[in-house]
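Down below is the structure, laid out as structure tokens.
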């Protein structure tokens, strides 16, 4: 079985959802769990689950906690026994096949880069986030917050990593890769998107050019590339919109007797809608580009999100996503050298 290290102290409500999610994963998935954090707190939460000692779960003590308020660089330097860092070391040393954390995103990225290192040929790591589409298969956006400033070369690397991830995890044949811009026409966009488009045209990808914000959900593209500033704004707008839609639907159904009857009849359909749009069903965002599987979750992640993040981590590890990304990056670099020659 694969082994996943779960940062038990990272989220807004840690260690409750982390422990509960880990228990659910251990019961339903073929995986070993290493719960990393303050042993007394983790054990106290585990004791609420009868028979947990029979599950493939082990506690790994870490004396320090990186909070959401901590400066990532300072946390990297000073909290050397934090739950995030200990979990990253477990991956580096081969004791775990992946890491899941709902902790401080900046700290997780900084620690992952330092402890695990970067895949050769990748300048910066990127967060890949799945978005539900009307075609049923998720579209992957890269980057959704790891880099607020990116250059064209980085966007091309994001495209290669997103292509590999879409093929291996979502089993997409020849993923359609697009750059998020203000219009589909080739002449639209800024200098960054235009320069990146020129690079992507020369890569062995199914590049379809510019895509617009609405294409996050239409399924027109399987991989959508952008800098982390734009991607994070798109992600947060989407999350807010889902909450508004759920609230308005509930409000409309409760407004009249006829609607109440419709609500009863449509309860399963609404349940399916909530599940398809629920971020916790996707678990978390993989940090692509580092030498190891790292899944970063929302700080407010519930136990379902943690359980699914463990699933995503095991899928990424079993499909050798990082090895494939490294191979694709090397192939891209070799092709670029031939073209330049």
Find the residue count for the stretch 101-136, including only residues that are in a strand (DSSP E or B) and farther than 30 Å from residue 220 by Cα. 2
Residues of the stretch 170-219 being under 21 Å from the mean Cα position of the chain (by Cα) and farther than 23 Å from residue 328 by Cβ, which ones? 213, 214, 215, 216, 217, 218, 219
When you check residue 199 against the structure, is it crowded, with 22+ Cβ neighbours inside 10 Å, touching a helix residue (DSSP H, G or I) at 6+ places or on another chain (Cβ under 7 Å) and more than 21 Å from residue 314 (Cα to Cα), yes or no? no
Looking only at helices (runs of 4 or more DSSP H) that fall completely inside the stretch 151-249, which ones have 2 or more residues that are out of contact with any strand residue (DSSP E or B) (no Cβ under 8 Å at 6 or more places or on another chain)? 152-169, 191-201
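Each value in this text was obtained by applying a stated rule to the coordinates, not by laboratory testing. Treat the numbers as computed from the prediction; the structure is a model and nothing was measured. Here the Cβ is made from the backbone with ideal geometry for all residues, glycine too, and neighbour counts use every protein chain on show.
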